[in-house]
Structure formats: structure tokens, C-alpha cells
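The values are calculated or read from the model by the stated rules, or taken from the named source; none is laboratory data. Quick caveat: nothing in here was measured; it's all calculated off a predicted structure. Using ideal geometry, Cβ is built from the backbone for each residue, glycine included, and neighbour counts are taken over all protein chains shown.
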Amino acid sequence: MNPLLRIFKIEPGWRGSAWGDAVVLFGLGVLLYLGIRLGLGAPAVIQGPEINLSPSFLPHYLTLSLRRMAAAYVLSLLFSLVYGTLAANHRIAEKILLPLLDILQSVPILSFLPVVLLSLVAILPLQLALELSSIILIFTSQVWNLTFAWYQSLTTIPRDLQRTSVVLGFNSWLRFKTLELPFAAITLIWNSVASWAGGWFFLMAAEIFAAGDRNFRLPGLGAYLQEAASQGNLSALAWGLGVLILTIVALDQFIWRPLLAWSDRFKMQLVESENPPTSWVYDALRSSRLYAYVSRRLIFSPWQRLDERLTRLFPVPGPDLPGKGRPHWLWYVLGGLVVLVVLYEGYRGGQMLLGIPLGQWQAIVIGLTATFIRVFIALIIALAWTIPTGVAIGTNPRLAKWLQPLVQITASVPATALFPVLVLVVLRLPGGLNLAAVLLMLLGTQWYLLFNIIAGASAIPQDLKYTTNLLQLGRWERWRTLILPAIFPFVITGSITACGGAWNASIVAEYTQFGGRIMYTTGVGAIISQATAAGDYPLLLAATLALILTVSTTNRLLWRRLYRLAEERYRME
Amino acid sequence: MSDNGYLLELSRVSQVYGSGERQFTAIKDFDLTLKEGEFAALLGPTGCGKSTLLRIIAGLQVPTGGRVIYRGRPLKGVNPQATIVFQTFALFPWLTVQENVEVALKAHGVPPKLRTSRALDLLDRVGLDGFETAYPRELSGGMLQKVGFARAMAVEPELLCLDEPFSALDVLSAEALRGDLLELWTGGKIPTKAILMVTHHIEEAVFMSDRIVVMDKDPGRVIMNLKVDLPHPRLRKDPRFLNLVDRVYMVLAGQTQPEHVELGTAPGEPGRTRALPHINIDDLSGLLEYLDNMPNNRADIYALAQELQVNSDELLRLIEAVELLGFANVAYGDITLNPLGETFAEASIRSRKEIFATRIRRLPLFKWLLSLLRASDKKQMEWDVVQKALELEFHEEEAERQLDTAIDWGRYAELLAYDDSSQILFLEPGAA
């Protein structure tokens, strides 16, 4: 089966509780409010460094951006390991951490930017605060799926392997190194690929940013593209895009493909896989003697020494079982204090919300409806073309061989980078930004659907296809009895991710700057962007919370049910 | 070493799941002692808690009642002197054969150089010389389990626990591996002091062990202790061997009881509800047809197992069903088809269904289920509701299995219908 299936899966066994969500939503509101309050103390006028549009600056900018992405990625990995481990090993922690993760996933990252940035600027030196908030922003676009993947892996390790590691007396390091990490490796790598794609998507927003009179910017590829777009400099835009695409392809060829080919050894099956992922870079490295020598000297030996050290360092598990004892009373006190503070700040945040005039609430509701319609249309369009295309690619290996790499490269280009070009073309058409917003959502999210459908279609058993041939089913009958039911779970999984992405994209899609002009349309994304630009923090808080609430409610009421239906009735296994 | 010389002592070990009304006893008052030099087998049907016992002995699980004494001391936590070989091999697929063995040594703090030589020596002893650098996916089932044995022996355990180690293997590999293990054990080539093997395979237990502890389920308990005093290598055609196998079958298959005992009571009523054996109805017809063709419609149960190529666990469940439905009688290790069973075996597909329907209507569990459905609105009920009601008699997993079996039988008899998407049970019009 296609490894793509491993990503973007909701934990099916876990069913969230309404009170958990309420607590989490409340906590999140408080957090936003606190950030905004901190932000009010930031300096009033800020001007970032000029971005030079000459192509010769591109390598420098690219390095800066890559550094940020890498830092955010490392941070994401560390966070995921800690968070996922906690959630998987402690019952009480699991009850809080899982709903929290579920909602954090659907939080519009871009609305967090002002909050993060302004609060950091208030307490740290400007340059550091900028770098840090940019990294945190990218982090929030990379981390959630990684955390889910790690948690899911930890909870699905086969029981006998777990027991073996206990019986053999593994300490926590050996357990991590020999069991947990290898078991999760493939999922983690696939999700890393997805995380980097998410990071590229938000890079532009994370490097240039205006809040009222405060104009923050960081030198980097994202800022370069943004600046090129707002100046209307098409050749610079083309250069920037070219470098971006090249970088993405290079990363894919030199890092992700080799890693995927290497990680095939971590498959759980005890049989050889039929088409293992291949990579020419990996093959080249494996056959290179120089590489073998260097890696043995520089990587393998030190690693082994470190491994021995760590194995000795961690205590052999004591005689007590992994029994879940009661936590120390100090934790209760600490927890109680946190709850008190949160409740108080929640109260003050509530007061801020109460101060919002009725008219603005109305605008938020109208905006939500407009964005909802846009998301819906984007989904319909995406389904309309990805289902036939995906099935065609998935059921036809020869076509797949040709098209799949092409589709992968196209998909890896972040839609935000293409957006300025798109706006330029679309604005001339009737519909204007309204149409452009739907298109941007589509660009950003259709790929999840396409990949999932390809995976689903290629998993249809050959015997069933033969049977439909033998029964001489007509084209429509064949779709109805075999293809549609078979790809249904994949369509649902893809749609969930696609919709989440589309809501998120609304913030950049409904409000944009091009060639010095500001354009916007009705929608909650536009409200959030405008509130940010105008420094209207109560409105920002209200709109963001409304958006989070809408997204997580639709997830609960619609998607999760469909997902369960799909898993129970249409999963071929 | 403790005074009485026992390596392992279990006294009145119990395992209870759930609480309150939904309490379920998996193991009740289990006693066992194991001396140095003994090879004991725990034999019993699926669900009698024998694997749970193995985990309790290894210290992976704490029993809800009773004591586990190892070398005179109460066992606390994982027993460092014991290890388990699993049915699923439980090898790390990303480590080579050699690394799989070495990792056990590493966990026990053996320095790197010694590790390699010890691992190679162990692999050599189980006959895997030359496969050190292979990954598990390159090996066959039998070889995988050899790695499992080598890894278990790497830590030189005093007590080797085997959890159905041969049941995932094909017949020939299993046979070869049994021989290999016995050779290592009887030849004193491994430092192991005692072996405890869990199995549901009667012949395997007689072939390998010195002592068989036969268990039954509901709740899991000991029903017989049997000494196997035959010298190794044991011959399967040896009359003494056959006699022992026959005796175990006799105990496990039991004796057909008078009808009211055999049927038990309905759920919710006082007395024990008879669980439906989880079987495939086609297998049942197959068994009856086979018996119908035997002289005197009679067969020796252990001979049946060999003849029909089914494992003993499955066969015993089938026999239980045949008895419960009143198609045959079991006595002294023999099964005899009665006239009703004969009629069933020779009937057409349609009439078979009718006979089956009249037979299951007598079962208290079915009577209860049918009257429940008749009394309910629109003659239908949700799965969950019925399962919850059954959970008063069975633990959750078993209740689910019971309902599953009941629906399967009810569908075959055309008494029940079930819609999987809405999870609703219906009464067929004919059954109203």
C-alpha cells in the first residue's frame, strides 16, 4: 500500500469529549488574550530592513530561510517526542493533551502571528524576537501532524514487541532506540515531508508582517517573494519562484527520497516489500567507498560510543511494574494555581470580547458564512477533478510512473508563492478576488485529495477489478459498485485535511497586497487580516476564536462521523 | 535456593477483570509448582487464561489474588531470571539476526566484544550459522523462532517460558524445531533450569513435557495434573504415548451430561449460562458427515484430530457444539453420532437448516434472546443493548464473541437477521 496512507490520519480509536474541547477552547482563548495584552506594550513604530530584489541576493536569503525552517523543524521534532510520549504513557495527560492537539491542529496559524510576535517584541530585543517568532510560526505549521504520528506509533507498537523489551530488561534509552524510534521511523519521515511542505506554505507570511504601524520583516526567501509581489516586480518574482522550486526539488532528491529508501528497513512486515521506495542518491551513497569510509569514521563510531554511554547511563528499570501511581500532591497544587490564573485571565478576555460592538459580531458571522461557502466550493472543485484524475493514475501503473513525480513536484510548490501571480491573472476576470480566494484555497489543498485518491485507487484488489470485467458492468455501475466505495475512506481522509488547509488559507486568500494596492473580500480571513493590520486586537481575538470554533465543530459533527463510517464500512483490509 | 527446593511456586493465583456486577474471573485459585530440571506444559482451550498465567509468572502482570514465589521469595516486578518466547516471534524487524540476539545481551550490560562472540555462539547452537547478517524478513517461520530461542537463551534464563512457540509455524518446521529444542534441553546444552510451555496442542504437550497441567475455562482452573514418564525421544506410535493423548482428550472433551446440565440456564437467571462454542457451521456439518461414514458412527477423539488435520483446540470446540446441539454423545474419549445427528448428516441443505433451528431454539441463551426480541418494539434490538445484557454473564470480549456466534447460528437457522450498518438485530418473520 502507498505510504502516503500513513499521513493525515485521525486517531480512529479516540473519541473526543465535549467538555475536553470546551476546556481547551477556553484555554486557547486565554492564551490569545494574554499575547494580545503583552503585544500592546510593544514599540509603536517599527521598520524592518529593506529587502533587495536583485537575484544575486537570493542565495543569501535562501540560506536564512532554510536555517529558520530547519530550526523550526528540529523544534517540532523535539516537541513531538516529548508531547507524544507524555500523551501515550500517562492516562491523565492523555485526556488533556489529545483534545488540545486536535484543536491546535485546526487553529489558523496566521492569526497567531501577531500574538506571538507582539508578545515576543515586548519582552526580547527586536531582532531576536523577530527571528524567534518567525521560527515559532513555522513551527506551528510543521508540528501537529508529527506529534500525532509519534503518539499514534507509540500506541500501536505490537504488544509482543513491547513485552519482549520488558522481559529483556531494556532501559528507556534502549527501548527508545531499538523499539520506539524504528517503529515510528517511516511515519515520522513521511510526516516530515508533509511538515516541510506546510512550512514552505507559511514561510512568506512568517517573514514579512505588518501590524498597524509596526512593519516587521526578516531577510529571507519568503520576504523576497512578498516584496517582489507588492512592488509588482515580475522578473524578481520569477527568480524567487525558480529558486524556491529548485530548493524543494533538491531537498526532495537529496534528503527525503534517500531517507525514505533507507527507512524501508523499518517496515513491520516480515516479508520483502514489493516496490520499495528507491532513490538514486541513496544508491550512489551506498555504493560509494569514500562515503562508507567517512561515515564509518565520522558517524558510526562516535554514534556507537554515544550509544554505549547512554545504554549505561540510563538505569535498568527497577523491579516495580509500569504501574501508574498517583501523582505527587505538588502537581495538584500547581495545577490548581494554573487553573485559577487561567480562569481569571479568561474572565478578563471575556470582558474584552464583551466590549466588541454588535455590528462587528454580525460581520464575523457573515464573514464565517462567506468563507464557509468558499471552502465548500473549493472542495467541490477539487473533488470534481481529483477523483477522475486520481482514479486514472491509481489504476494505471504506466500512467502513474509518468505522472506521479510530475504531480509531486507541482504539489510541492507552496500556493502562497504562486498567489501573487494568480491574483494578477484572476483580477482581470469577473469575480475578482472572490474567485482568486477560492483558487488559492484550491491550490493549497487539492493535492492532499489527489494523493489520497491515488493511494486508494491503487489499493483496489486486482481480483475485484477482474470480477467487474467478468460481470460486464457498465461504466457507471463499475464506479458505483467498486471504485467509489473503495476510494471513499481515502476521499474522506483527504477532504478533512483539505478543508482544514482551506480555512487556514482564507487568511492569506481573502486579503492581499499587490503592487501597493490592498485588496480584500468578505470573509472571516479578511476580518482577521484587517484586524491585524489595523491593530484591532479585540476583533482579532473574537474572529480567531469564532474561526476555531467553527472549524472544530464541523470536524466533530461532520468529518469525524464520515470518517468513522468510512473506516467501518468501506475500508478494504 | 528455598528450603523446599522449588524454583517457582504459585498458590491460589486469581485474575479478576472488571468490578461490581460486571466482574469476571479469568483465573481462579491456580496452584503450580515447578522444580529444577522440569519441563511442564500448561494445556487448555483458548480463553482459559494460560497465556495470562505465563505473563504473571514472568512478572509482566500482577495477579489480582494469590502469591507468586520465585526461589522462596515473593516475585516483585519483572522476573530477571525468566524470559518468554512468543508465538509471534516478537523479533525486531529492523535488526539483523545477530543484532536481535545482541540487543538482549546489551540490555544486560555485556560489553560489546563479548556480545558478538556470545551471539555468534548462540546462533551456532540453534543452527543459524551463516544467517547472522540476514534480516528477519528473509527467514522462514521456523528460522525466525530459532532466533527467538537464541535471544531468549542469550540472557541465560533459569526459567524459560514458551507461549505457544510452535503454533504459528507450518507442520514440518514445528516438528523440526520441537526436536531441536528437546535436543538442547535434554542434552544439557543450555543453562536453563526449567521450562514452562503454554500450548493448546495435546500431542505437543505429551511429546515434549514431563508434566502436563490441564486447564479448563470459565473460569480458568486446573482440572488435571498428568505425569509423562516416557523417555526421550518419544515415539508418537508408541501405545503408551497414544494412551496419554487419549486420556487428555478424555478429560478435556468430558462426558455428555444430562440435558439440563448440558444446556445451563438463561442469562440473568441463577446458575451458569452455557457459552456457545465459537465454531463455523460448515465445519460442524463436515464433522457430522465424517462420523456418519464411520463404522458404528463412532470415532476415537484423538484419532479424529489426526485424521481431520485440525488442531485439538478447534476439534474440542466442535465436539462441544455437537454435544450441546444434541447430535452426538461423548463418553470415555469416544464420540458417537446419535439418530438425530445421523438425520442431520444425511439431510438436504433446507432440512438441515430446519433441524438446526429446532435444536438451537432449545438453548436457554437462544430462548432468552428470541423472547427479548419478541417483546421489543418492532421485533428488533441494537447490538449494544444485547451485548450489555450478556455482559452480566460474560466478560466484554466473550459477550461480543457470544453475540457474534449467536447471530451466525441464528442467521443459518433463519431465526435472526442482522444489519451490520445499523447494528440492529431482527427477528425473522418465521421465528415470531
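Observations, loosely collected:
- Residues in segment B:32-55 that are more than 26 Å from residue B:311 (Cα to Cα) and crowded, with 21+ Cβ neighbours inside 10 Å: B:34 alone.
- Residues located in segment B:65-95, provided they are more than 20 Å from residue B:30 (Cβ to Cβ) and more than 10 Å from every other protein chain (Cβ to nearest Cβ): B:81
- Test: residue in segment B:412-422 that is under 30 Å from the mean Cα position of the chain (by Cα) and either assigned by TED's automatic domain parsing to the domain that holds residue B:282 or loosely packed, with under 14 Cβ neighbours inside 10 Å (or both): yes
- Residue check for residue B:297: buried (at least 18 other Cβ atoms within 10 Å of the Cβ), touching a residue at least 12 places away in the same chain (Cβ under 8 Å), farther than 27 Å from residue B:393 by Cβ and outside the structural domain of residue B:241 (by TED's automatic domain parsing): yes
- From A:183, A:170, residue being surrounded by 19 or more Cβ atoms within 10 Å (Cβ to Cβ), within 14 Å of chain B (Cβ to nearest Cβ) and assigned to a loop (DSSP other than H, G, I, E, B): A:170
- Test for residue B:103: is it more than 10 Å from chain A (Cβ to nearest Cβ) and buried (at least 19 other Cβ atoms within 10 Å of the Cβ): no
- Unique residue being out of contact with any Pro (no Cβ under 8 Å at 6 or more places or on another chain) and surrounded by 22 or more Cβ atoms within 10 Å (Cβ to Cβ) when the list is A:549, A:541, A:562: A:541
- Within segment B:116-129, not a single residue is within 12 Å of another protein chain (Cβ to nearest Cβ), over 30 Å from residue B:220 (Cβ atoms) and not β-branched (Val, Ile, Thr).
- Residues in segment A:450-489 that are of a type in the set (A, V, I, L, M, F, W, C) and without any contact (Cβ under 8 Å) to a residue 12 or more places away in the chain: 6 in all.
- Pair list, Cβ < 8 Å and 6+ apart or interchain, from segment B:253-273 residues that are within 23 Å of residue B:315 (Cβ to Cβ) to residues that are among the hydroxyl-bearing types (Ser, Thr, Tyr): B:255/B:332; B:262/B:256; B:264/B:273
- Condition check for residue A:338 on (1) surrounded by 15 or more Cβ atoms within 10 Å (Cβ to Cβ); (2) modelled with pLDDT of 80 or more: one failure, at (1).
- One residue alone among B:269, B:289, B:259 is in the same structural domain as residue B:309 (by TED's automatic domain parsing) and either surrounded by fewer than 16 Cβ atoms within 10 Å (Cβ to Cβ) or under 27 Å from residue B:52 (Cα atoms) (or both), and that residue is B:289.
- Screening the candidates B:67, B:118 for the property of being in contact (Cβ under 8 Å) with a residue 12 or more places away in the chain, closer than 24 Å to residue B:189 by Cβ and of a type in the set (D, E, K, R) yields one hit, B:118.
- Meets criteria (surrounded by fewer than 18 Cβ atoms within 10 Å (Cβ to Cβ) and more than 11 Å from chain A (Cβ to nearest Cβ)) for residue B:192: no
- Applying the set (1) of a type in the set (Val, Ile, Thr); (2) within 13 Å of chain A (Cβ to nearest Cβ); (3) crowded, with 22+ Cβ neighbours inside 10 Å; (4) touching a strand residue (DSSP E or B) at 6+ places or on another chain (Cβ under 9 Å) to residue B:155 leaves exactly one unmet item: (3).
A quick yes/no check of all residues on (1) surrounded by 18 or more Cβ atoms within 10 Å (Cβ to Cβ); (2) touching a residue at least 24 places away in the same chain (Cβ under 8 Å); (3) at positive phi:
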| residue | (1), (2), (3) |
| --- | --- |
| B:339 | no, no, no |
| B:344 | yes, yes, no |
| B:356 | yes, yes, no |
| B:370 | yes, yes, no |
| B:375 | no, no, no |
| B:381 | yes, yes, no |
| B:384 | no, yes, no |
| B:397 | no, no, no |
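- Residues that are part of a helix (DSSP H, G or I) and over 18 Å from residue B:149 (Cβ atoms) within segment B:65-111 comprise just one, B:106.
For (1) in contact with a Ser or Thr (Cβ under 9 Å, 6 or more places away or on another chain); (2) at pLDDT 85 or above, each residue gets a yes or a no:
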{"position": "B:272", "(1), (2)": "yes, no"}
{"position": "B:278", "(1), (2)": "yes, yes"}
{"position": "B:282", "(1), (2)": "no, yes"}
{"position": "B:288", "(1), (2)": "no, yes"}
{"position": "B:309", "(1), (2)": "no, no"}
{"position": "B:315", "(1), (2)": "no, yes"}
{"position": "B:319", "(1), (2)": "no, yes"}
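- Taking segment B:39-64 as the range and being more than 11 Å from chain A (Cβ to nearest Cβ), among the small types (Gly, Ala, Ser) and not in a loop (DSSP other than H, G, I, E, B) as the test, the residues that pass are B:40, B:41.
- Checking every residue in segment B:160-172 against the condition of being of a type in the set (D, E, K, R) and away from chain A (no Cβ under 11 Å) gives at least one match.
- Lone unmet requirement of (1) over 17 Å from residue B:87 (Cβ atoms); (2) in contact with a Leu (Cβ under 8 Å, 6 or more places away or on another chain) for residue B:169: (1)
- As for segment B:57-66, it holds at least one residue that is buried (at least 22 other Cβ atoms within 10 Å of the Cβ) and β-branched (Val, Ile, Thr).
- Selection count where residues are touching a strand residue (DSSP E or B) at 6+ places or on another chain (Cβ under 8 Å) and over 11 Å from residue B:364 (Cα atoms), scope segment B:259-288: 2
- Any hit, segment A:301-316, residues being outside any helix (DSSP H, G or I), touching a helix residue (DSSP H, G or I) at 6+ places or on another chain (Cβ under 8 Å) and surrounded by 11 or more Cβ atoms within 10 Å (Cβ to Cβ): yes
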